[in-house]
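Report on one structure; see the data block that follows.
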Amino acid sequence: MRQTLDFLLNDWLKVADLTQRERFAEHSAETFGAVLDTCEKIAREKFAPFNRLADTQEPHFDGERVHLPQATHEAMAAYVESGMLAAAQDYEIGGMQLPCVIEMAANAFFSKASVAMGGYAMLTSGNASLLMAHGSPLQREVFAKNEFAGRWFGTMCLSEPQAGSSLSDVATRAEPDGEGFEQESLGPRYRLKGNKMWISGGEHEISENIIHLVLAKIPGPDGKTVSGTRGISLFIVPKRMVNERGELTGERNDVALAGLNHKLGYRGTTNTLLNFGEGKFKPGGSAGAVGYLVGKPGEGLKCMFHMMNEARIGVGLGAVMLGYAGYEASLDYARQRPQGRPMTAAGKDAASPQRPIIEHADVKRMLLAQKSYVEGGLALELLCARLVDEQHSGAPEAAAEAKALLEVLIPIAKSWPSEWCLEANSLAIQVLGGYGYTRDFPVEQYWRDNRLNMIHEGTHGIQGLDLLGRKVVMDGGKALAVLAARINKTIEHAMARPELAESANQLAAALAKVGRATKMAWATGQPEEALANATAYLQAFGHTVLAWLWLDVGLSVHGDSDFAQGKRAAQRYFYAYELPRIEAWLGVVERREALCREMRSEYF
């Protein structure tokens with residue numbers, strides 16, 4: 001995996017070029033490599049050996065405390081000591097000013113070693129980054145900086161039992177906390193009451209405090225809240241109360257654990273139902289969870305979506321790395337497992353020695369599929385992270401192009417690996433056969449852990465609605481046109497390479513089909529008709545994007561080494577076995593297939 005990661009970063013994305021920019025001027029190819037070396041070592045020594053332990057000794061609640069294996073505490077302590085929580089932040093606050101693409105690449109090692117143990121860090125970094133962008137100076141000083149230092153960890157509290165992904169139905173209320181609440185030094189002070197479900201990292205004792213970022217609605221003078229998402233605001237709700245110097249006051253906030261959710265996988269991260277304001281604790285002598293407003297009232301989702309690009313890249317990268325872990329495990333097994341004999345014109349010779357299963361064509365098919373999914377997925381996530389850097393530090397024209405590309409690529413970055421790297425895990429189990437289905441081998445856990453990623457950060461269906469319903473048609477299709485131009489540039493370069501010309505023609509045809517299907521989906525102008533097959537559109541769009549990336553990566557492959565030949569074989573596999581799938585997916589999109597839309601519940 002490291003050789004592929006280095007190739008994608010250095011030969012394909014040319015990340016060393018970023019050191020020419022002011023923000024990254026103190027870095028070099030050597031410092032980037034040193035960060036990757038350090039994280040790979042920590043992941044190998046502190047995370048990977050305990051991945052199964054975190055799965056089997058899942059968090060449990062004794063009525064007072066949540067218990068986690070000591071290994072989780074030690075792994076997170078090592079992560080904090082590495083400085084990676086503040087990797088992309090300014091030097092002035094203890095950060096490393098790393099490019100997003102290097103930060104993501106470094107975190108890939110932790111996702112591969114134990115994605116659930118590493119979940120606490122991703123949540124904390126995202127929480128603190130949001131506060132750096134939208135919090136007041138004192139909120140940044142007290143909350144964000146203590147999170148970046150690893151003293152406190154953080155969460156994101158969006159979903160509710162009755163709302164799920166439908167945030168417009170959020171029912172948690174935030175009432176102004178008495179007279180003069182707007183003069184509170186940590187921000188306008190409110191009392192929150194409500195319940196939040198599926199909150200990862202919502203309760204633990206890894207850090208001395210947990211900083212919850214909570215979406216809630218502020219009622220108007222009539223006591224009613226605004227319907228829809230316009231009324232949603234964002235609040236900082238610490239588990240333990242703090243003062244303006246960042247010191248714990250010794251008082252518990254009114255946030256209580258109602259229970260732990262027992263998950264299929266990803267068990268090493270606590271997943272909780274939290275009650276805010278039920279009166280179990282009474283800060284200041286009153287029930288109600290104390291929360292400090294972030295930004296302006298009604299701008300909660302605007303603040304929250306600030307971090308969505310990086311969060312969705314992170315989820316996609318986690319899916320990739322779980323797929324990668326399964327691929328490597330099944331590849332190692334296939335090379336060692338003897339079974340079957342060669343078939344000749346005269347039949348099998350039962351007296352001949354068995355051969356490793358990797359010599360069977362169907363096993364090679366399953367390994368090639370995995371390789372094309374995980375290495376293509378890694379290229380996708382690193383490209384998106386590189387575009388984040390371009391958006392934030394590039395020249396104006398390049399930054400605008402990067403922003404447009406991210407609009408259409410983020411739904412793919414989140415959803416494509418979540419589906420196809422999960423499929424890679426399924427194929428890994430298949431390569432191992434019956435052994436793969438047992439807990440004696442790690443591939444079944446990788447599948448269980450990865451299954452969550454199709455739900456994380458917006459389900460598969462929601463990403464499809466976002467892509468077809470908003471991203472590809474916004475501004476008259478501008479973002480889609482920018483992507484098409486980039487793809488056509490790759491096609492043009494590939495046409496000059498005889499070994500890639502046929503693939504270039506296939507990609508050109510696929511791009512034309514996506515464009516035609518996009519127009520046909522919206523031909524009637526009826527959203528219900530256009531979006532009924534949005535998931536099929538998402539799948540076809542994603543496969544087209546991955547075909548583009550494999551062709552673009554292929555342009556950077558040189559020589560005849562085993563490594564280079566492996567990359568060419570994975571690219572050939574994707575074009576021979578995967579890209580043709582888009583015909584069926586786009587077929588239902590083009591004709592606006594009505595079956596799923598018109599199906600009546602009684603017919604089930």
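The values are calculated or read from the model by the stated rules, or taken from the named source; none is laboratory data. This one's a predicted model, so the numbers in the text were calculated from it and none came from an experiment. Note: ideal-geometry Cβ built from the backbone for every residue, glycine included; neighbour counts use all protein chains shown. Accessible surface is based on the protein model in full, side chains and every heavy atom, while ligands, DNA and RNA are left aside. Shrake-Rupley method; radii C 1.70, N 1.55, O 1.52, S 1.80 Å.
Can you tell me the dipole magnitude for region 79-150 around its Cα centre, using point charges on the Cβ only (Lys, Arg +1; Asp, Glu -1), in Debye to the nearest 20?
Approximately 180 debye in magnitude.
Quick one: pull the percent of accessible area on region 142-205 belonging to carbon and sulfur, 1.4 Å probe, ligands and nucleic acids left out.
46
Between the helical axis of 534-554 and the dominant principal axis of the chain, each derived from Cα atoms, what acute angle in degrees is found, rounded to the nearest 10?
For 534-554 against the chain, the angle is about 60 degrees.
Evaluate E = 1/(1 + (r/R0)^6) for residue 489 and residue 568, where r is the Cβ-Cβ distance and R0 equals 25 Å; express this FRET efficiency to the nearest 0.05.
Efficiency for this residue pair is about 0.75.
Of 459, 483, 411, which is farthest towards the positive pole of region 380-484's charge dipole, taken about the Cα centre with +1 and -1 on the beta-carbons of Lys, Arg and Asp, Glu respectively?
Towards the positive end, the residue furthest out is 459.
Compute the whole-percent fraction of alpha carbon pairs in region 74-120 spaced more than 14 Å apart.
51
Under a 1.4 angstrom probe, counting protein chains only, how are 235, 563 ranked by accessible area, largest first?
Result, largest first: 563, 235.
Can you give me the C-alpha center-to-center distance between region 305-327 and region 377-443, rounded to a whole angstrom?
So the two Cα centres are separated by 6 Å.
So, with a 1.4 angstrom probe, what is the percent of accessible area on region 445-555 that is carbon and sulfur?
Roughly 57 percent, rounded to a whole number.
Out of all DSSP beta bridges with both ends in the chain, state the antiparallel percent to the nearest 5.
85
What is the angle, in °, between the Cα long axis of helix 100-134 and the longest principal axis of the Cα atoms in the chain? Nearest 10 is fine, range 0 to 90.
40
Enter the accessible area per residue of the chain (Å², integer; probe 1.4 Å; all protein chains in place).
42
Ranked from highest to lowest mean number of other Cβ atoms within 10 Å per residue, what is the order of the peptides 212-219, 392-399?
Descending mean neighbour count gives 212-219, 392-399.
Among the lysines, which fall within straight-line cross-link reach of residue 478, defined as a Cα-Cα distance under 25 Å, with same-chain neighbours fewer than 8 residues apart omitted?
By straight Cα distance, residue 478 reaches 302, 403, 414, 489, 513, 519.
Using only Cα atoms, what is the ratio of the radius of gyration of region 49-182 to 2.2 N^0.38 Å?
The value comes to 1.23.
In nm², what is the average projected area of the convex hull enclosing the Cα atoms of region 522-586?
5.1
So, by mean Cβ neighbours within 10 angstrom, what's the order for 524-537, 439-452 with the highest one leading?
Final packing ranking: 439-452, 524-537.
What percentage of the solvent-accessible surface of region 348-439, computed with a 1.4 Å probe over protein heavy atoms, is contributed by carbon and sulfur atoms?
53
Using only Cα atoms and rounding to the nearest 10 degrees, what angle (0 to 90) does helix 562-573 make with the longest principal axis of the chain?
Helix 562-573 sits roughly 90 degrees off the main axis of the chain.
Considering the Cα positions of region 138-220, please state its Rg to one decimal place and its Dmax as a whole number of Å.
So, for region 138-220, Rg and Dmax equal 14.2, 39 Å respectively.
Output the Cα-based Rg and Dmax of region 483-604 in Å, rounding Rg to one decimal and Dmax to a whole number.
17.3, 61
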